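Scroll down for the structure; my scribbles are underneath it.
The values are calculated or read from the model by the stated rules, or taken from the named source; none is laboratory data. Here the structure is a predicted model, which means the values were calculated and not measured. Cβ sites come from the backbone with ideal geometry, for glycine too, and all protein chains shown count toward neighbours.
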Amino acid sequence: MRSVSLIAGLVVLTMAFPAIGQERPTMQEEATQLIRKSTHKNFMTLAVENDSIGKGTDQNYTSGVRATYFNVNARIPQVIDDIAAYIPTFDISETTSIAYSIGQNLYTPDDIKSPQQDPNDRPWAAWLYGSAGLATLTGNHIDELELTLGMVGPAAQGEFAQKYIHSLIGSPDPKGWDNQLKNEPGVIASWLRRWPQAAYFENAGLFGALEPNVNISLGNIYTYAGTGLTFTLSPASDRWQDTPQRVRPAIPGTGYFQIPDDGWGWQIFAGVDGRAVAHNIFLDGNMFADSHSIDKEHFVADFNTGFALTFERVRLSYTLTYRTKEFERQDDNDLFGGLTLSYRY
C-alpha cells in the first residue's frame with residue numbers, strides 16, 4: 001500500500017512542475033515533422049521475458065513472449081477510426097500508429113517437478129493471445145488503446161512450449177500441467193496515458209526526462225488500475241526513443257526509436273509502476289469453471305531498470321524487473337529479465 005501511495009505522490013508531484021528548459025513546440029508538432037521526413041515507418045519487435053534471465057528460477061510468471069508489428073502514421077481502418085471518434089481526447093493524426101501482436105505467457109508454482117498441485121501455491125496456467133492497439137500523440141501526451149483476445153488453458157499450449165524449451169536447454173521436466181486452469185476465452189481492454197516529457201533537461205549532450213502514466217485494464221483475464229513514473233536518459237541528438245515493448249501487465253512502451261545520425265544510439269531507463277488489482281485469472285482461477293485458486297495481493301508494484309542499444313535500424317534492449325508478491329502465500333518477490341529485439345524498415 002505504501003508503494004502505491006508513493007507512486008501516486010510522485011506522479012502528482014512531477015505533473016505539478018513545468019518542463020525544465022526553454023519553450024519549444026509540442027511533442028506532437030515535432031513528431032509530425034520527423035514522421036513526414038521518415039522513409040522507415042514500420043517496426044518488427046520480438047520481446048522475451050523469462051525468470052531464467054532474472055534470478056534463474058522456474059516459478060510464478062516464468063515466461064512471456066510477444067511479437068509485434070508496429071506502424072507509424074498508419075492507414076487506420078475506417079471501422080477503427082469510427083470507434084476512436086467516440087473515445088474522449090483520442091485524436092487520429094499523422095502521429096497515430098497501429099500495432100498487432102501475438103504472444104504467450106506461462107505461470108507455474110515453485111515446484112515444477114511435482115505432478116500434484118500445491119494447495120498453497122499458484123495455479124499452473126498459460127495464456128495465448130492476439131492484440132490490436134492504437135497509439136497517438138496529442139499535444140504532449142500519448143494515449144494508447146489495446147484490445148486483447150485469447151485463450152487460457154490447455155488450448156494455450158503452455159505444456160508443449162515449456163517442455164519443448166526445457167528439453168532443448170536441459171532444464172527439469174515440468175510435470176504439473178495436468179493441474180492447469182481449464183480452457184476459457186479471454187478478453188482485456190486497456191487504456192494508457194503517458195506524458196513522456198512532463199519534466200526534462202538537456203545538458204552536455206544528454207537528454208533526460210520523467211514520464212508519469214495512468215492506466216486501466218478491464219476483462220476476465222486482468223482487471224486493474226495503475227499509475228507509475230519512468231526516467232529515461234539518452235544522447236540529446238537521439239532523444240526520440242520510447243521504452244521497449246513489454247508484456248502486460250508491465251507498462252509496454254511502443255518501442256519506437258529514431259535511426260541515429262552516426263549509426264549508434266543508446267538509452268537507459270528506470271521506473272516504478274503500481275496497480276490495484278481487482279481480478280487476475282492466473283491467481284483467482286477460471287471464472288466459468290471450477291479450478292484451483294489462491295488469495296491474491298490487491299496491490300502489486302513493479303520496479304524496473306534497463307538499457308537499449310541501437311545500431312542503424314536495429315535495436316536491442318534488456319530490462320530487469322522486480323515485482324512484489326502477487327499472492328498472500330508467495331515466498332519471495334519476483335525477479336525476471338526481458339530481452340527485446342526490434343528492426344525498423
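For this structure, a couple of remarks:
- Residue within segment 34-46 that is basic (K, R) and surrounded by 15 or more Cβ atoms within 10 Å (Cβ to Cβ) present: no
- Taken across segment 31-52, residues that are more than 21 Å from the chain's Cα centre (by Cα), assigned to a loop (DSSP other than H, G, I, E, B) and hydrophobic (A, V, I, L, M, F, W, C) do not occur at all.
- Residue match in segment 197-215 (condition: within 26 Å of M287 (Cβ to Cβ) and either of a type in the set (S, T, N, Q) or touching a Lys or Arg at 6+ places or on another chain (Cβ under 8 Å) (or both)): yes
- Subset of segment 207-246 (residues that are more than 17 Å from A135 (Cβ to Cβ), in contact with a Gly (Cβ under 7 Å, 6 or more places away or on another chain) and not in a strand (DSSP E or B)): N220, I221, A236, D238
- With respect to (1) touching a Phe, Trp or Tyr at 6+ places or on another chain (Cβ under 7 Å); (2) surrounded by fewer than 23 Cβ atoms within 10 Å (Cβ to Cβ); (3) closer than 19 Å to D143 by Cβ, the lone exception for T243 is condition (2).
- Here segment 291-304 is the region considered, the condition is being buried (at least 17 other Cβ atoms within 10 Å of the Cβ) and charged (D, E, K, R), and the residue that is farthest from the chain's Cα centre (by Cα) is K296.
- Restricting segment 168-188 to residues that are of a type in the set (S, T, N, Q) and not in a helix (DSSP H, G or I), the residue that is farthest from S114 (Cα to Cα): N183
- Elements of type strands (runs of 3 or more DSSP E) contained in segment 295-345, each with 3 or more residues being in contact with a Cys (Cβ under 7 Å, 6 or more places away or on another chain) and free of Cβ contacts under 8 Å to residues at least 40 places away in the same chain: none
- Qualifying residue in segment 133-143 (condition: crowded, with 16+ Cβ neighbours inside 10 Å, within 29 Å of N60 (Cβ to Cβ), at pLDDT 95 or above and touching a strand residue (DSSP E or B) at 6+ places or on another chain (Cβ under 7 Å)): no
- Candidates are the residues of segment 144-155 that are closer than 17 Å to Q104 by Cβ and assigned to a strand (DSSP E or B); the one that is modelled with the lowest pLDDT is E146.
- Selected residue [more than 30 Å from N120 (Cα to Cα) and over 18 Å from the mean Cα position of the chain (by Cα)] from F307, F269, F288, F311: F311
- Applying the set (1) within 19 Å of P185 (Cβ to Cβ); (2) of a type in the set (A, V, I, L, M); (3) outside any strand (DSSP E or B) to I112 leaves exactly one unmet item: (1).
- Residues (within 30 Å of K182 (Cβ to Cβ) and buried (at least 20 other Cβ atoms within 10 Å of the Cβ)) located in segment 252-283: P252, R275, V277, N280, I281, F282, L283
- Complete set of residues in segment 84-109 that are among the hydroxyl-bearing types (S, T, Y), exposed (fewer than 15 other Cβ atoms within 10 Å of the Cβ) and either touching a Leu at 6+ places or on another chain (Cβ under 6 Å) or assigned to a loop (DSSP other than H, G, I, E, B) (or both): Y86, T89, S93
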